[in-house]
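Derivation of every value follows stated rules applied to the coordinates shown; laboratory data play no part. Here the structure is a predicted model, which means the values were calculated and not measured. Using ideal geometry, Cβ is built from the backbone for each residue, glycine included, and neighbour counts are taken over all protein chains shown.
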Amino acid sequence: MTMQTNLRGRDLISLREWTREEIETVLDVAMDLKRQRALGLPHPYLRDKVLAMLFFYSSTRTRASFEAGMAQLGGHAQFIESRTTQIAHGDTAREIGEILGRYNDGIAIRHVEWGVGNQYIREVAQASRVPVLNMQCDLYHPHQVLADLLTIREKLGDPRGRTLTVSWAYAASYQKPISVPQDLVLLATRFGMHVRLVHPPEFQLMDDVLAEAAENARRSGGAFELMDDFDAGMRDSDVVYAKSWGPLLVAKDDAEGAAISARYTDWITDERRMALAGPDAIYMHPLPADRNIEVADAVIDGPHSVVYDEAENRLHVQKAVMALTMA
Amino acid sequence: MTMQTNLRGRDLISLREWTREEIETVLDVAMDLKRQRALGLPHPYLRDKVLAMLFFYSSTRTRASFEAGMAQLGGHAQFIESRTTQIAHGDTAREIGEILGRYNDGIAIRHVEWGVGNQYIREVAQASRVPVLNMQCDLYHPHQVLADLLTIREKLGDPRGRTLTVSWAYAASYQKPISVPQDLVLLATRFGMHVRLVHPPEFQLMDDVLAEAAENARRSGGAFELMDDFDAGMRDSDVVYAKSWGPLLVAKDDAEGAAISARYTDWITDERRMALAGPDAIYMHPLPADRNIEVADAVIDGPHSVVYDEAENRLHVQKAVMALTMA
Amino acid sequence: MTMQTNLRGRDLISLREWTREEIETVLDVAMDLKRQRALGLPHPYLRDKVLAMLFFYSSTRTRASFEAGMAQLGGHAQFIESRTTQIAHGDTAREIGEILGRYNDGIAIRHVEWGVGNQYIREVAQASRVPVLNMQCDLYHPHQVLADLLTIREKLGDPRGRTLTVSWAYAASYQKPISVPQDLVLLATRFGMHVRLVHPPEFQLMDDVLAEAAENARRSGGAFELMDDFDAGMRDSDVVYAKSWGPLLVAKDDAEGAAISARYTDWITDERRMALAGPDAIYMHPLPADRNIEVADAVIDGPHSVVYDEAENRLHVQKAVMALTMA
């Protein structure tokens with residue numbers, strides 16, 4: 001048990017900037033908030049506070065969970081789509097940070113454009129007097145992986161020594177960001193998990209992320225292994241987390257990315273592959289999934305799947321982060 | 001006087017699934033909430049509760065009244081347009097129900113697509129742990145007709161034995177759903193009204209709705225009559241409710257629907273027709289109306305019109321339904 | 001010190017209809033609300049009240065500040081974009097006023113279309129039972145200039161006898177409304193400022209506005225001067241307020257407006273021009289600015305600029321107006 005009380009006013013742009021004890025504090029508060037919601041207890045820790053949510057790309061879960069979370073905490077979240085603003089008429093990142101920071105008590109941003117998103121969020125944060133929360137950028141998705149870690153702890157108990165397979169999977173829809181696998185290997189290695197990162201060669205993550213994940217594993221007593229064989233990566237795993245992302249480090253554009261992805265259409269999490277993992281293995285996915293392309297219905301709707309509990313935990317961890325940083 | 005106390009957690013997808021006593025309870029609570037609003041009394045029955053409003057088709061009154069109602073009850077309503085979500089990227093109805101049901105305390109849906117809307121709402125409700133409210137589907141519009149019934153009771157007192165003319169009218173704008181006339185004949189016949197359903201032959205409603213309306217009338221001591229002469233339908237009526245809908249049961253597509261509708265451009269509620277009804281007759285319309293096509297300005301803005309009180313009552317009945325089901 | 005207590009229920013469409021004492025009351029309440037926010041004190045003067053915000057044209061600051069302000073006051077603001085409503089399907093201004101006025105406790109409207117906006121807002125107000133607030137129309141922008149006046153008083157103290165330069169500047173983006181310069185010269189002349197209105201000949205304001213500004217100056221002991229030389233207008237000024245607007249009184253359409261504007265691309269507020277004003281002069285702009293076209297980065301980001309404090313004051317004056325009119 002550990003708790004840090006210094007999170008008021010802090011940005012959450014990358015968990016790399018939060019200590020393990022600070023992360024433990026978020027998970028602890030998240031469980032407390034989850035219990036209070038189950039009991040119907042009021043918990044208006046942010047009464048009449050306001051969060052500006054700035055979306056450069058649409059999202060069901062992210063918007064719905066942040067907005068509902070603020071309302072449950074007694075506050076309000078503004079849903080601002082970049083297309084409805086005058087950002088196109090000349091609002092700079094500094095102006096957004098200065099001005100939204102004066103009107104609101106926090107700013108949350110989703111901006112997944114490759115090479116742009118994280119930089120933009122940092123520029124807004126630089127100019128903002130209030131906490132800036134990353135609702136997913138090109139590099140990180142901290143609230144998603146906090147929810148993932150909470151779910152793993154609820155299902156498996158202490159994650160130390162348990163095997164987590166973070167695998168690429170094929171999807172036809174579009175070239176998705178690498179933020180989820182990057183943040184997931186970074187976080188799970190800090191908590192002592194044996195992390196396998198599995199993907200075809202073109203789907204590599206950033207070098208500094210890989211190096212830090214390896215170093216995390218060394219310090220925590222976990223492990224970090226790179227693999228390129230989906231079946232081998234599944235074998236005897238405790239947690240299967242297989243989702244698609246684009247070959248963003250090698251492809252010049254979306255068309256080339258799609259062409260590369262199309263070489264690996266057999267990278268689907270189906271029942272045969274899921275059976276390679278342990279009988280008690282859990283299947284996770286941040287959703288939405290390309291059904292029967294990325295994952296078979298029988299898996300995502302089957303007994304190993306915990307995707308709805310995982311999605312629910314978005315709400316609880318986000319409320320914890322907001323309550324701790326914006327109070 | 002009657003009151004049912006078992007509405008917590010209930011869906012309102014069709015009033016066919018609510019008893020007459022449950023409907024009486026809604027109307028009673030609606031009048032109490034209306035009185036409290038008139039007096040400026042706080043009534044935060046849903047403090048910090050959250051309703052997700054999912055719109056597959058835009059609406060002024062519906063969105064504004066549900067969102068304002070939740071705020072007045074101390075809660076919050078999220079305005080979610082389907083185009084801003086990842087529903088197009090693979091969110092199924094089950095995922096929407098599971099996930100929005102975990103983030104929120106209720107889900108309201110407007111989905112009027114013929115042959116699709118009601119089915120979608122039922123699939124979401126199947127997966128949701130919280131009440132699902134129908135903000136209009138292809139078949140029903142329960143909150144509209146609750147407001148209509150409340151308005152009739154406010155203007156006429158006990159509706160038993162009073163004549164209600166539910167008539168088709170011509171409109172040029174688009175092929176509108178049949179949900180209002182269907183729900184109206186179903187509801188009014190339960191309350192002992194003498195209901196005339198008046199339309200050109202192509203604008204029939206669904207067989208099972210007609211059968212149930214007839215059975216309702218038999219049980220309640222009311223009447224249910226099918227007519228195809230607009231003038232005859234108006235004669236000595238107490239309540240004139242004339243609006244357009246598409247010939248959805250016979251037309252293959254919108255173009256054919258428009259062509260059929262165009263045969264009946266003289267089906268307008270004008271002063272001559274309104275005069276055929278009783279001198280104390282009231283004119284109702286759920287709005288928006290095609291002015292001087294569907295109804296003459298002199299009627300909708302005239303002394304018989306109660307359309308603004310009717311629109312206002314949307315707020316009060318919806319607050320009653322939300323407070324009773326989501327508390 | 002003066003205070004008027006009769007603002008409950010009042011519209012704010014143009015400050016021409018508000019007395020100087022009423023405006024003083026708004027500024028006083030705004031400063032009180034600003035202090036409470038700085039101290040983190042709750043101030044839920046509009047608990048569970050609802051404002052409908054109707055936008056016919058997008059805006060970052062206006063929407064964000066009104067919505068955040070209502071939330072901080074304990075209420076809720078609905079963000080309604082005209083394109084998502086059925087206004088296109090037949091909702092008249094009267095229907096909007098009648099219906100939104102029944103669902104909400106206030107209606108705020110932004111409608112800047114030349115020759116249309118103010119008229120529309122007045123028609124809604126005519127039909128509404130609740131206060132109607134002008135979030136910018138073709139003629140006026142009252143909440144902006146209230147924030148401007150508050151900023152001037154914070155930076156300079158009593159504005160009496162101080163020189164305010166309201167100048168046109170070139171911008172490439174689009175033909176902007178004349179509402180800000182019109183409202184600014186009207187308001188500043190009431191408070192005894194020496195107002196210079198500076199623009200190329202085609203960018204004149206409306207005759208009755210000019211006449212009233214001159215009369216205001218005469219009564220208040222201020223001054224009102226028309227100039228067409230940007231440099232001369234800057235000389236020894238205390239407050240430089242230079243922004244673009246369209247030649248709306250003379251141009252037939254946007255193309256002609258752009259062609260006229262393009263004759264004056266050298267009308268930029270740069271460091272040389274800013275140096276012509278006093279060493280303690282402040283630079284103001286309602287934002288967003290066309291950077292390095294309308295104003296040089298070195299000026300808007302420089303030591304004379306107060307644009308972020310000015311933007312922040314939007315929040316405080318709007319909260320004051322809402323609390324006073326909607327309570």
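Counting only C-alpha contacts under 8 Å and six or more residues apart, can you give the relative contact order of region A:144-310 as a whole percent?
After rounding, I find 27 percent.
Of the trypsin sites (Lys or Arg not before Pro) in region A:108-176, which ones lie in a loop per DSSP and count no more than 15 other C-beta atoms within 10 Å?
Those that pass, being in a loop and sparsely packed, are A:Arg129, A:Arg160.
Among B:Gly75, B:Gly106, B:Gly302, which one shows the highest mean-square fluctuation when chain B is modelled as a Gaussian network with alpha-carbon springs under 10 Å?
B:Gly302
Most fluctuating residue of A:Pro303, A:Pro200, A:Pro159 in a GNM of chain A with Cα springs under 10 Å: which is it?
Largest GNM mean-square fluctuation: A:Pro303.
Quick one: if the Förster radius is 60 Å, what FRET efficiency do A:Arg20 and C:Arg16 give, using the C-beta to C-beta distance and rounding to 0.05?
Working from the Cβ atoms, E equals 0.45.
Just need the relative contact order of chain C here, percent rounded to a whole number, with Cα pairs under 8 Å and 6+ apart.
Computed over chain C, the figure is 20 percent.
Using Cα pairs under 8 angstrom and six or more residues apart, how large is the relative contact order of region B:1-123, in percent?
26
Once the label point is set 7 Å along the Cα-to-beta-carbon vector, what list of distances in nm do you get between B:Tyr57 and its counterparts in the other copies?
Shortest to longest, the spacings are 3.2, 3.2 nm.
For region A:144-310, which semi-axes, largest first and in whole Å, follow from the square roots of 5 times the eigenvalues of its Cα gyration tensor?
The equivalent ellipsoid of region A:144-310 has semi-axes of 23, 20, 13 Å.
Students often get this wrong, so check it: of A:Lys34/B:Lys34; B:Lys155/C:Lys49; B:Lys243/C:Lys252; C:Lys34/C:Lys243; A:Lys49/A:Lys243; B:Lys176/C:Lys319, which have C-alpha atoms separated by over 31 Å?
A:Lys34/B:Lys34; B:Lys243/C:Lys252; A:Lys49/A:Lys243; B:Lys176/C:Lys319
Between A:Asp229 and B:Glu225, what is the label-point separation in nm under the 7 Å Cα-to-beta-carbon projection?
Label-label distance for B:Glu225 and A:Asp229, simple model: 8.3 nm.
Just in region B:192-279: which trypsin sites (Lys or Arg not before Pro) are loop by DSSP and have at most 15 other Cβ atoms within 10 Å?
Those that pass, being in a loop and sparsely packed, are B:Arg235, B:Lys252.
Counting DSSP beta bridges with both partners in region A:144-310, what percentage is antiparallel, nearest 5?
Roughly 0 percent of the DSSP beta bridges within region A:144-310 come out antiparallel.
What span do the alpha-carbon atoms of chain C cover on each of the three principal axes, reported in whole Å from largest to smallest?
Here the Cα extents, ordered largest to smallest, are 52, 45, 36 Å.
Which order results if B:Met3, C:Met284 are arranged by neighbouring Cβ count within 10 Å, fewest first?
By the 10 Å Cβ count, ascending, the order reads B:Met3, C:Met284.
Mean residue ellipticity at 222 nm from the helices of chain C, using -39,500 (n - 2.57) per DSSP H segment of n ≥ 4 over the full residue count, to the nearest 500 deg cm²/dmol?
Theoretical 222 nm ellipticity from helices: -13000 deg cm²/dmol.
Which residue fluctuates the most in chain C, going by a Gaussian network model with Cα springs under 10 Å, if the choices are C:Thr25, C:Thr189, C:Thr165?
C:Thr25
So what are the protein assembly as shown's ellipsoid semi-axes, whole angstrom, largest first, if each one is the square root of 5 times an eigenvalue of the alpha-carbon gyration tensor?
They are 45, 45, 25 Å, listed largest first.
How big is the charge dipole of chain A about its Cα centre, in debye rounded to the nearest 20, if each Lys and Arg gets +1 on its Cβ and each Asp and Glu gets -1 on its Cβ?
So the magnitude is around 980 debye.
Report, in debye and to the nearest 20, how large the dipole of region B:144-310 comes out about its Cα centre when Lys and Arg carry +1 and Asp and Glu carry -1 on their Cβ.
360
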